[in-house]
Amino acid sequence: MREKIIIGVMALAILYGALEFLIFSPSRKAKMEADNRSQDINKFVAGLTQEMATKNISGIDRYVMERAEAQWRQDLFFDVSWDVLTAKKETSPDEEVVEEVSFIYSGYMEMGRKRTAIISGMEYVPGDELVEGQYVVRAIYPNRVVLEKKEGKVEIVLPLVEGTL
């Protein structure tokens, strides 16, 4: 009699395990929930797309969206090593020797009325003295920077250099 009870309990345990594994499985529930979530996301995206298509988009918004999709001309986070910036250019004896400036104007930012130029990897505003100490930033424009040498009042114009280095 004892053996029959043990076999009966074991059969019930196997039956319960099979039901739990095949029917009440947590992975099955998770899969059902994931399917429901993906359907909800698809409905949301479809509704949002339809809403955007029916609304009038202003010219500014359209321009911003077109520019966001366009390929950028340069990497804004491009790190320039000091060795590349300070490398000396070889000159031939036939060339006229003119004072050579090794600064590179590589970026421009404007926030309100404050203009900032990125020259040789450093940020400057008008009136700042360059790290080298011989030049002062006089004016900053989106396409050029005007530097003035302290001694001799010589002005140097640096054009904006994009996508090089």
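Val137 sits among other residues whose Cβ lies under 9 Å from its own Cβ, and their net charge, with Lys and Arg +1 and Asp and Glu -1, is -2. Listing Glu151, Glu132 from fewest to most neighbouring C-beta atoms within 10 Å gives Glu151, Glu132.
Here the dipole of the stretch 104-144 is about 240 debye; that uses its Cα centre as origin and unit charges on the Cβ of Lys and Arg (positive) and Asp and Glu (negative). When you restrict to C-alpha pairs under 8 Å that are six or more residues apart and normalise by the size of the stretch 105-165, the relative contact order lands at 26 percent. Neighbour counts of C-beta atoms inside 10 Å place Phe103, Phe21 in the sequence Phe21, Phe103, starting with the fewest. In terms of surrounding Cβ atoms within a 10 Å radius of their Cβ, Arg62, Arg2, Arg115, Arg138 rank from fewest to most as Arg2, Arg62, Arg138, Arg115.
Each value in this text was obtained by applying a stated rule to the coordinates, not by laboratory testing. Computed from a predicted structure; not experimentally measured. Glycine also receives a Cβ, built like all others from the backbone with ideal geometry; neighbour counts cover every protein chain displayed.
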